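First the structure, in the form of structure tokens, and then the observations on it.
The values are calculated or read from the model by the stated rules, or taken from the named source; none is laboratory data. What you are looking at is a predicted structure, and each value in this text was computed from that prediction instead of being measured. We place every Cβ from the backbone using ideal geometry, glycine too, and count neighbours over all the protein chains shown. For the accessible areas, the whole protein counts, side chains as well, though only heavy atoms, and no ligand, DNA or RNA atoms are used. Shrake-Rupley method; radii C 1.70, N 1.55, O 1.52, S 1.80 Å.
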Amino acid sequence: MSLKVLTSNPKACCPTPLECGESLLIRESGIVWESHIPIKGTFVFDGFGNPAPVTIRIYLFDGRIVTRILEPAQSFVFTGDNVREIEVFVSNGPSSLVFGYCTQTLTNVNCKNKNSCCPESLLCTTFSSTGDIPANEDYLLWQSTVPVNGSFEFTPFFFGTGQFEVKLTIKRFNKPDVIETITQSTVIRSSDMKALFINIPPQADPPVLNVRYCLQDQVNEKLNTVFKH
């Protein structure tokens, strides 16, 4: 995963509060990430090689809790701001859940000054693989609490015979859904995104779905104006 910083004058820019962590292997229940200051970030839970069910709870500073239950081989990616703590509960462990993250400290930057340090909004590129996807169900792959621009690169691996298809639904903030049906590797871009669902019809050998995410939270228009000077 990677982050970028965009400024109008890179030489005058102060150090940026960005951080990307190495992937961690989670084997048992416990707190896997926490912060004492509000954080914006993308968090990856890749369970393709995980044999145990896990429950993920993401605690936000505003009191909200985002909960996701993953069966063996399933994965989930979360993007959000004001993240405080992430806790994982393992059922019938040990697990082999791979956890990765890419974060940015939430700061109030005065970008009216041309010489001020104005970091680009959080930009993360990450990857996950998901298997054992329930048939005829809108399965949640990615969720965000903030509007996001970006693209999803889908690569299904099909081990059966005949053709396959995957229905994709991108939920957006205050805009119509983007709905596509793919039968091969495909890249889809959109804006104002808040969730990604997939739906696979019943088949004897459902595909494993690899997804590469390139995500950037929406850039404030005032920042765009500064960057053009």
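Structure notes:
- Hey, PHE173 hydrophobic (A, V, I, L, M, F, W, C), modelled with pLDDT under 90 and open to solvent by 20 Å² or more (accessible area, probe 1.4 Å) or not: no
- GLY63 meets all of the listed conditions (1) part of a loop (DSSP other than H, G, I, E, B); (2) within 19 Å of LEU196 (Cβ to Cβ) but one, namely (2).
- Considering residues of the range 202-218 that are open to solvent by 40 Å² or more (accessible area, probe 1.4 Å) and part of a loop (DSSP other than H, G, I, E, B) only, the residue modelled with the lowest pLDDT: ALA204
- Filtered residues of the range 65-102 (kept if among the charged types (D, E, K, R) and without any contact (Cβ under 8 Å) to a residue 60 or more places away in the chain): ARG84, GLU85, GLU87
- Checked against (1) of a type in the set (Val, Ile, Thr); (2) farther than 30 Å from PHE61 by Cβ; (3) at pLDDT 70 or above, VAL146 passes all but condition (2).
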